[in-house]
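A.B. asks: Below: one structure in structure tokens.
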């Protein structure tokens, strides 16, 4: 009965990236990677525009939208070359691993750019003060504003890039990934587009308000760990039929922790997930049913439970029905007990108000108040007078704004009185999403910490000579020694019955050479370039053409398709000319065409310069 119902709870497959066979770089630990110089330059240019945009207290637009298209082209080009290399020198798992280097570079770059901007602003403030300049006060206000809203600004800059990257992946690269990478590898894009990667604080109010729920009572303390512990304990007590894994891993005494934390991500999530043991060469993450939001919607679905209760009574009798009702009381107790916990922490009203806060909170309101203050007012914890006192600056609400907020506060009160259990279930689903994203976050940072993104020429030379450098160029940046043919296709076409045709033409005192030239070889020569065909042999009654695939240009590895297109064009040319020949009472040409493919370079024989 209940066991069958609980069996529908889903547990995600574990994540695993094995980098044991990847060569270590110059420091004998990291994997050395060189990203495309053009991609890095295009990213830097666009980043400068977004830093200017988001560090302004006035709402603006990006000055040059063309920079976005340039960045898109270089990203798509670089990733296309990378993915296509599964046909030559990389395995799908290597491509999956190396793509994390791109996002590591972006996250590192956005934080460094913002930090440098604030550092320069502070240096300017010091200089203006030393000159007793009147501009010092406005710069001081700017520095204070930047420091206060640091997490919000960094999140906004990162969001610009990750929204774009997600679009590029969906529209430009999705089909290519499905064609060449392993089934199920889409999960790694979910990890890379995890919203937690965009913030420098997993407890920041402005971050939680957009993606999760504001379960903090203050900006300094997260209530999530305690709420999660209570939830785990309740599920363990009330649902002994299912395994309840703890979110915080146990670390064995003297167990080595991760050596590097270059972006600080492992430190940021330590209070939520605990210390991170060193996984060395096999990076993994396991999951529980409690990390699937849909599981909580299923677990407390009243309609399904009511239907199941009626079905049991009808099919199995009163005893089974009575027993199942007892099981249902255990599920109800989880909701009721968690409700009591939220009330004891004065969080129930705040969480109920939070969805309404999200709807009305915007960039303008963020300048004058914290979302936590607005949630407390809408939840009835503070009155309007106290709410106004807690604003960051003097601000007079219009009568319309005041009425709107008071009406919203009434809606929150009614929702809390009538649908408290629905509020609890929604909270549980969001907590499950948060747990899942926390594990995605830790996994991503573990992968990030395995890279060394080289730009120094000496280090690049050393790593390249040692054969340990992974290069991620765009197509035009591939060096000459890499511009070699790796695969090819051959098309052979010959005129069937050419001897008979020649004899017939001679009987009519016509020139066979000019006939074949005008109706076959000449028109075919004109379309060779269209299909990228190379003449191997065109003479007499036959044509042999080659279609080459170059290592530097994997996105155009379609030699078979080009050969087939050329074959179709040849048949069309011959068919059109045969109509003319029929009208002139000349013999028609019939073609025999064959196409073959080899996954290696062609072998050339040379006769002098030929």
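The values are calculated or read from the model by the stated rules, or taken from the named source; none is laboratory data. What you are looking at is a predicted structure, and each value in this text was computed from that prediction instead of being measured. Cβ placement follows ideal geometry from the backbone for every residue including glycine, while neighbour counts extend to all protein chains displayed.
A.B. asks: Of all residues in the stretch 342-354, how many are in contact (Cβ under 8 Å) with a residue 24 or more places away in the chain and surrounded by fewer than 19 Cβ atoms within 10 Å (Cβ to Cβ)?
C.D. replies: Summing the residues that are in contact (Cβ under 8 Å) with a residue 24 or more places away in the chain and surrounded by fewer than 19 Cβ atoms within 10 Å (Cβ to Cβ) in the stretch 342-354 gives 2.
A.B. asks: Quick check on the stretch 34-54. Is at least one of its residues assigned to a loop (DSSP other than H, G, I, E, B), surrounded by 15 or more Cβ atoms within 10 Å (Cβ to Cβ) and assigned by TED's automatic domain parsing to the domain that holds residue 148?
C.D. replies: Yes, the stretch 34-54 contains a residue that is assigned to a loop (DSSP other than H, G, I, E, B), surrounded by 15 or more Cβ atoms within 10 Å (Cβ to Cβ) and assigned by TED's automatic domain parsing to the domain that holds residue 148.
A.B. asks: Just checking, how many residues over the stretch 400-420 are more than 14 Å from residue 350 (Cα to Cα), at pLDDT 85 or above and surrounded by 12 or more Cβ atoms within 10 Å (Cβ to Cβ)?
C.D. replies: Here the count works out to 1.
A.B. asks: Still on this structure, I have one more. Looking at 545, 591, can you tell me which residue is assigned to a strand (DSSP E or B), at pLDDT 90 or above and surrounded by 11 or more Cβ atoms within 10 Å (Cβ to Cβ)?
C.D. replies: 545
A.B. asks: Go through the stretch 464-506 residue by residue and tally those that are in a helix (DSSP H, G or I) and under 19 Å from residue 578 (Cβ atoms).
C.D. replies: 8
A.B. asks: Could you pull out the residue among 69, 148, 131 that is within 22 Å of the chain's Cα centre (by Cα) and surrounded by fewer than 17 Cβ atoms within 10 Å (Cβ to Cβ)?
C.D. replies: None of the others qualify; the one that does is 69.
A.B. asks: Right, something else. Across the stretch 353-363, what is the total count of residues that are within 20 Å of residue 386 (Cα to Cα) and either more than 29 Å from the chain's Cα centre (by Cα) or part of a helix (DSSP H, G or I) (or both)?
C.D. replies: Within the stretch 353-363, residues that are within 20 Å of residue 386 (Cα to Cα) and either more than 29 Å from the chain's Cα centre (by Cα) or part of a helix (DSSP H, G or I) (or both) number 5.
A.B. asks: Further, regarding this structure: If residue 244 meets every condition in (1) closer than 28 Å to residue 29 by Cβ; (2) assigned to a loop (DSSP other than H, G, I, E, B); (3) touching a helix residue (DSSP H, G or I) at 6+ places or on another chain (Cβ under 6 Å) apart from one, which number is that one?
C.D. replies: The number of the failed condition is (1).
A.B. asks: Something else about it: Take residue 81 and decide whether it is closer than 29 Å to residue 171 by Cβ, assigned to a helix (DSSP H, G or I) and in contact with a helix residue (DSSP H, G or I) (Cβ under 8 Å, 6 or more places away or on another chain).
C.D. replies: Here the answer is yes, as residue 81 does meet what is asked.
A.B. asks: Moving to a separate point now. Taking the stretch 252-265, which residues are more than 26 Å from the chain's Cα centre (by Cα) and either over 20 Å from residue 445 (Cβ atoms) or surrounded by 13 or more Cβ atoms within 10 Å (Cβ to Cβ) (or both)?
C.D. replies: 252, 253, 254
A.B. asks: Among the residues that make up the stretch 549-560, is at least one of them more than 30 Å from residue 476 (Cβ to Cβ), touching a helix residue (DSSP H, G or I) at 6+ places or on another chain (Cβ under 9 Å) and buried (at least 16 other Cβ atoms within 10 Å of the Cβ)?
C.D. replies: no
A.B. asks: Is there a residue being in contact with a strand residue (DSSP E or B) (Cβ under 8 Å, 6 or more places away or on another chain) and free of Cβ contacts under 8 Å to residues at least 24 places away in the same chain anywhere in the stretch 515-524?
C.D. replies: Yes, some residue in the stretch 515-524 is in contact with a strand residue (DSSP E or B) (Cβ under 8 Å, 6 or more places away or on another chain) and free of Cβ contacts under 8 Å to residues at least 24 places away in the same chain.
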